[in-house]
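Trainee: Shown below is the structure under consideration.
The values are calculated or read from the model by the stated rules, or taken from the named source; none is laboratory data. Computed from a prediction, not measured in an experiment: that's the story for all the values here. Ideal geometry is used to build each Cβ from the backbone, glycine not excepted, and the neighbour counts take in all protein chains shown. Please note that ligands, DNA and RNA were not included when accessible areas were found on the heavy atoms of the full protein model with its side chains. Shrake-Rupley method; radii C 1.70, N 1.55, O 1.52, S 1.80 Å.
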There are 2 protein chains.
Amino acid sequence: MTAKKELQVRAIKNGTVIDHIPADLLFKVINILELDKCPTSVTIGNNYKSDMLGKKGIIKIAEKFFEAEEINKIALIAPKVKFNIIKDYQVVEKSVVEAPNKVEGIVKCMNPKCITNVEEIYTKFKVVNSSPITLKCHYCEKITDHKNIHIK
Amino acid sequence: MTAKKELQVRAIKNGTVIDHIPADLLFKVINILELDKCPTSVTIGNNYKSDMLGKKGIIKIAEKFFEAEEINKIALIAPKVKFNIIKDYQVVEKSVVEAPNKVEGIVKCMNPKCITNVEEIYTKFKVVNSSPITLKCHYCEKITDHKNIHIK
């Protein structure tokens, strides 16, 4: 790591580094993870240069480790994001978020006439494309594309 | 500046550093300045230790300089925030945001029956307290306190 790279975002002793976030999705990720309510130190960078993405976002959160359910929500809007678990300044676990095969109960169907929007029914989707993520409703068969994914 | 301090947030060549933001107001400042739409590199830190505030937020935005109108909006929710203008890695201008004496047209009156919420009338307030900021409506004389300030 060069001195310049080190300057980008402060090092954390224990916590989570979320890297390779597409720049246009950074604030959506912040909302989903409710980082505005996080009591520990948080450092967020956006529009940093990335060979892979052009521009990327990165988030470092001290003393915070996410549950699988939270990570899965991120997978829905930003697959390929990396969650790195940091312990004593070292990366002890790396995981690339991958879109699941099916999605149940997290996302709203974008078809206003779908039964899940009329009655209180748990939504169910098949993931028909993983990048960009595209969901097909189990009930009405309408497609909810990545631009219209609203996390409940 | 110590090596540790330098590590907190990457240096910027040209742009604005917004410092001494109360931690609980950081995301409100981000929303008001619409940093989610900012195309240049942005670094945001929150819950950093501060002798003055206990916990503070800091924002660094490359190649971005704010208009007085935008700075005044911040003054309404977070007086005492510092805007530093950076040119060629040096601070060339420091300004502490100060709450104005009166506020016109930016804030919504919290009284739902106020004429400004019924007809299309520009709001007008007198600042009756600057920290925490408290506004008195010119029309209905109701108080809008800092917890209820909604920027239009």
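Trainee: Calculated FRET efficiency, residue B:80 and residue A:131, Cβ-Cβ r, R0 45 Å, to nearest 0.05?
Mentor: The calculated FRET efficiency here is 0.50.
Trainee: Could you tally the net charge around residue B:22, taking each other residue with its Cβ under 11 Å from the Cβ of residue B:22, Lys/Arg +1 and Asp/Glu -1? Numbers along the way, then the final one.
Mentor: Working: positive: B:28, B:55, B:56, B:80; negative: B:24.
Spelling it out: positives minus negatives among the neighbours equals +3.
Trainee: How big is the A-B contact in terms of buried accessible area, both chains counted, 1.4 Å probe, rounded to the nearest 100 Å²?
Mentor: The summed interface area works out to 1700 Å².
Trainee: Next up: Which value, in Å², gives the accessible area per residue of segment B:102-151 when a 1.4 Å probe is used on the protein heavy atoms?
Mentor: Computed with neighbouring chains in place, this is 65 Å² per residue.
Trainee: Could you work out the helix-only [θ] at 222 nm for chain B, with each DSSP H run of four or more residues adding -39,500 (n - 2.57) and the total divided by the number of residues, to the nearest 500 deg cm²/dmol? Show your work: numbers first, answer last.
Mentor: On the way: 4 runs with 27 residues, N = 152.
Rounded to the nearest 500, the figure is -4500 deg cm²/dmol.
Trainee: Considering only A:38, A:134, A:116, whose Cα is most displaced toward the positive end of the charge dipole of chain A, charges sitting on Cβ of Lys, Arg (+1) and Asp, Glu (-1)?
Mentor: Sorting the options by dipole projection puts first A:134.
Trainee: Which GluC sites (Glu not before Pro) in segment B:50-91 pass both tests, a DSSP loop state and at most 12 other beta-carbon atoms within 10 Å?
Mentor: For GluC sites (Glu not before Pro) across segment B:50-91 that sit outside H, G, I, E and B with at most 12 neighbouring Cβ atoms in 10 Å, the list reads B:67.
Trainee: While we're on this one: Using label points projected 7 Å from each Cα along Cα→Cβ, tell me how many nm separate residue B:37 and residue B:14, to one decimal.
Mentor: It works out to 2.3 nm between the two label points.
Trainee: Right, next: Segment A:102-151: D in µm²/s via Stokes-Einstein (Kirkwood Rh, Cα pairs, 20 °C, 1.002 mPa s)?
Mentor: My calculation gives 204 µm²/s for D.
Trainee: In chain A, which residue puts its Cβ closest to the axis that turns chain A onto chain B, and how many whole Å away is it?
Mentor: Axis-proximal residue of A, distance in whole Å: A:44, 2.
Trainee: For segment A:122-128, what does the Karplus curve 6.51 cos²θ - 1.76 cosθ + 1.60, with θ = phi - 60°, yield as ³J(HN,Hα) per residue in whole Hz, taken in order and with x for Gly and Pro?
Mentor: 4, 6, 9, 10, 9, 7, 8
Trainee: Say a site is exposed when it is one of the chymotrypsin sites (Phe, Trp or Tyr not before Pro), sits in a DSSP loop, and has at most 12 other Cβ atoms within 10 Å; what is then the longest site-free stretch of chain B?
Mentor: B:1-88
Trainee: Note down the magnitude of the dipole of segment A:15-96 about its Cα centre, charges +1 on Lys and Arg C-beta and -1 on Asp and Glu C-beta and zero elsewhere, to the nearest 20 debye. List each step's numbers first, then the result.
Mentor: Working: 12 positive and 11 negative charges, 60 e Å.
Computed charge dipole of segment A:15-96: roughly 280 debye.
Trainee: Determine the share of chain B's accessible area contributed by carbon and sulfur atoms, expressed in whole percent, with a 1.4 angstrom probe. Show your work: numbers first, answer last.
Mentor: Details: 4260 of 8690 Å².
Whole-percent figure for carbon plus sulfur exposure: 49.
Trainee: Measuring label to label, 7 Å along Cα→Cβ, what does residue A:121 give against each other copy in nm, shortest first?
Mentor: In ascending order, 5.0 nm.
Trainee: Select from B:118, B:128, B:17 the residue whose mean-square fluctuation is largest in a Gaussian network model of chain B (Cα-Cα springs shorter than 10 Å).
Mentor: B:118
Trainee: If you place +1 on the Cβ of every Lys and Arg and -1 on the Cβ of every Asp and Glu, how big does the dipole about the Cα centre of the protein assembly as shown come out, in debye to the nearest 20?
Mentor: Dipole of the protein assembly as shown, to the nearest 20 debye: 320 debye.
Trainee: Next question, about the same structure. Can you pick out the pairs among B:60/B:136; B:37/B:126; B:13/B:94; A:28/A:108 whose Cα atoms lie more than 23 Å from each other?
Mentor: On the way: B:60/B:136 33 Å; B:37/B:126 32 Å; B:13/B:94 16 Å; A:28/A:108 16 Å.
Where the Cα-Cα span goes over 23 Å, the pairs concerned are B:60/B:136; B:37/B:126.
Trainee: To continue, here is another question. Which angle from 0 to 90°, rounded to the nearest 10, does the C-alpha axis of helix B:68-77 make with the longest principal axis of chain B?
Mentor: 80 degrees
Trainee: Considering only DSSP states other than H, G, I, E and B, which trypsin sites (Lys or Arg not before Pro) in segment A:49-126 qualify as loop sites with at most 13 other Cβ atoms within 10 Å?
Mentor: A:113
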